[in-house]
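To start, the structure itself, in structure tokens.
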Amino acid sequence: MKDKSAVILVFTIIGVVAGVVGGLLFGGHHLDDVTRASWTSDEHFKFWLTLVKFPGELFVRGLKLLVLPLVVASMICGVASLGNLRDMGRMGRRTMIYFITTTVFAALLGVALVTTIQPGAGVDPEAVRGTIGSASSESAIIKTVTTEQSKPVIDRILDVIRELVPSNLVEAALELKMLGLIAFSLIFGIALTMVGERGKPVLAFFDGVNEAVMKMVYLLMYCLPIAVASLIAANIAGSNNLLDQLVALSKYVLTVLAGLGIHLLLVLPAIYWIFLRRNPFQYLIGGAQALLTALSTSSSAATLPVTMECCVVNNGISRRTSSFVLPLGATINMDGTALYEAVAVIFLAQMLGHSLSGADIAIISLISIMASIGAAAIPSAGMVTMVMVLDAVGMDPMAGITYILAIDWFLDRFRTAVNVAGDTIGAAIVDDLEKRDASRKTAAPATA
Ligand code: ASP
């Protein structure tokens, strides 16, 4: 099993390189042949782009297909396997403390970096507004943003809480509203343990579903290298002014990447080491498949099956802990998103010449954390919830989001990878604490 996953990992890395090179050659070759103006209307190019993207598209569909049964079954089994309510309370408390602490760290790190580096300073705000004015407003995100913008902040916060109690389970499932599904599965799992004997066949059923879905994930993983190559190549080739965008927003991009890098390579490993006294990088390498899947799908939810697989199979985290911490983490623990939102909003304020007070920065940090909790684990969800943050400090959400939208597909990958890494480190810490408790419990009667 381990050998196979190493082979898949090597092929996936080859897939990443092939995707980048292929995407640059495919897009670059095309740019040499036709003018930029006709580039987007070139049906022939679009046809090939669709074909290049197709294997990746199928892969992501396959992952998304597995998310619903996996989350529901794993949460029900996870919570039921905790045995009694008191134990679950303890694991839940530990998980929540870890989630909140790391998200706060991430948001503060973002604020510290963006206020120090000042990526948006020294730019003429009028020129920026000109760029914004000419930007397209056709995007689905912009439309969502417009709808969101009309709601007061308090309503958006209440919406997050409302999502916890969906009025219709089928609707929540159809729309993959994970927060409601998780809350339902959690309570359903607890109820099953309270029912006693009569709940056991139902539990056994969900346990079987859980195992079977994990097996399906394992099989799907054989397709990961091709999917990664396909998605990356299509994204690079399909971006119509990739280089211009990178130059214009490079300082902002570097600030976000530096923050995500510091969080991934210093903060999270340090937290891991403090608790486990083991090499955190070895642990992160065990989860590399999940991080690469996050990089190529930009979705913590779509990555969840792989995250589970990596934690259980490669890193030896118990299925019980993984089933509890990871689905919950994929939904509410988004360190990368919190960091990203704080950086993006302060960067935009610098660009647009909007001066921010200390209180504004505190509000940005707080609302970024809430917005990351409320963001769905799907691509670009962080962009939508960022409206909450912009609105909270009196900035025009439309103007802000329009400007950084072009680069979001790129940064979304990295923040999603950090979101996933945060979940896996959390699973390791919670699992270790649980194992220590268990061994203390078994040692206690012997010494007594
Ligand atoms: N794409 C991110 C995730 O799935 C959420 C975001 O847009 O920040 O974790």
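Which ranges mark the helices (runs of 4 or more DSSP H) fully within segment 224-307 that have 3 or more residues being at pLDDT 90 or above?
Passing ranges, in order: 250-262, 268-276, 280-286, 288-297.
Would you confirm, using the coordinates I've provided, whether Ser355 is modelled with pLDDT of 75 or more and in contact with a helix residue (DSSP H, G or I) (Cβ under 7 Å, 6 or more places away or on another chain)?
Here the answer is no, as Ser355 does not meet what is asked.
Within segment 267-279, identify whether any single residue is over 13 Å from Ala421 (Cβ atoms), more than 14 Å from the ligand (Cβ to nearest atom) and in contact with a Gly (Cβ under 8 Å, 6 or more places away or on another chain), and answer yes or no.
Scanning segment 267-279, I find no residue that is over 13 Å from Ala421 (Cβ atoms), more than 14 Å from the ligand (Cβ to nearest atom) and in contact with a Gly (Cβ under 8 Å, 6 or more places away or on another chain), so the answer is no.
Among the numbered criteria (1) within 18 Å of Thr115 (Cα to Cα); (2) crowded, with 23+ Cβ neighbours inside 10 Å, which single criterion is violated by Ala349?
(2) is the only condition that Ala349 fails.
Looking at segment 428-444, is at least one residue surrounded by fewer than 20 Cβ atoms within 10 Å (Cβ to Cβ), at pLDDT below 75 and either assigned to a helix (DSSP H, G or I) or not aromatic (Phe, Trp, Tyr) (or both)?
Looking for residues that are surrounded by fewer than 20 Cβ atoms within 10 Å (Cβ to Cβ), at pLDDT below 75 and either assigned to a helix (DSSP H, G or I) or not aromatic (Phe, Trp, Tyr) (or both), one finds at least one in segment 428-444, hence yes.
Please go through segment 90-110 and pick out each residue that is modelled with pLDDT of 90 or more, surrounded by fewer than 21 Cβ atoms within 10 Å (Cβ to Cβ) and hydrophobic (A, V, I, L, M, F, W, C).
Ile97, Ile100, Val104, Phe105, Leu108
In segment 299-341, which residue that is over 21 Å from Glu434 (Cα atoms) and away from the ligand (no atom under 11 Å from the Cβ) is surrounded by the fewest Cβ atoms within 10 Å (Cβ to Cβ)?
Among them, the one singled out is Val306.
Looking only at segment 164-183, how many residues end up being free of Cβ contacts under 8 Å to residues at least 24 places away in the same chain and out of contact with any Asp or Glu (no Cβ under 6 Å at 6 or more places or on another chain)?
12
Can Ile154 be described as modelled with pLDDT under 85, under 30 Å from Ile367 (Cβ atoms) and assigned to a helix (DSSP H, G or I)?
The answer is yes for Ile154.
Is it the case, given these coordinates, that Asp423 is at pLDDT 80 or above, outside any loop (DSSP other than H, G, I, E, B) and charged (D, E, K, R)? Quick ask: steps written out before the conclusion?
On the way: at pLDDT 80 or above: yes; outside any loop (DSSP other than H, G, I, E, B): yes; charged (D, E, K, R): yes.
So Asp423 fits the description; yes.
With the condition kept exactly as written, say whether any residue in segment 16-37 is at pLDDT 85 or above and either within 15 Å of Tyr222 (Cα to Cα) or within 23 Å of the chain's Cα centre (by Cα) (or both).
The answer is yes, given that some residue of segment 16-37 is at pLDDT 85 or above and either within 15 Å of Tyr222 (Cα to Cα) or within 23 Å of the chain's Cα centre (by Cα) (or both).
Can you tell me which residue is modelled with the lowest pLDDT among those in segment 362-413 that are part of a loop (DSSP other than H, G, I, E, B) and more than 10 Å from the ligand (Cβ to nearest atom)? Give the derivation first.
Restricting attention to segment 362-413, the residues satisfying the condition of being part of a loop (DSSP other than H, G, I, E, B) are 375-380, 393-396.
Adding the requirement that they be more than 10 Å from the ligand (Cβ to nearest atom) leaves 393-396.
Values: Val393: 77, Gly394: 75, Met395: 78, Asp396: 70.
Looking at the filtered set, the residue picked out is Asp396.
When segment 283-298 is examined, which residues are found to be within 17 Å of the chain's Cα centre (by Cα) and either within 16 Å of the ligand (Cβ to nearest atom) or without any contact (Cβ under 8 Å) to a residue 60 or more places away in the chain (or both)?
Listed by number, the residues that qualify are Gly287, Ala290, Leu291, Leu292, Thr293, Ala294, Leu295, Ser296, Thr297, Ser298.
The values are calculated or read from the model by the stated rules, or taken from the named source; none is laboratory data. All figures in this text were calculated on a predicted structure; none of them were measured in a lab. Please note: Cβ atoms are built from the backbone with ideal geometry, for glycine as well, and neighbour counts cover all protein chains shown.
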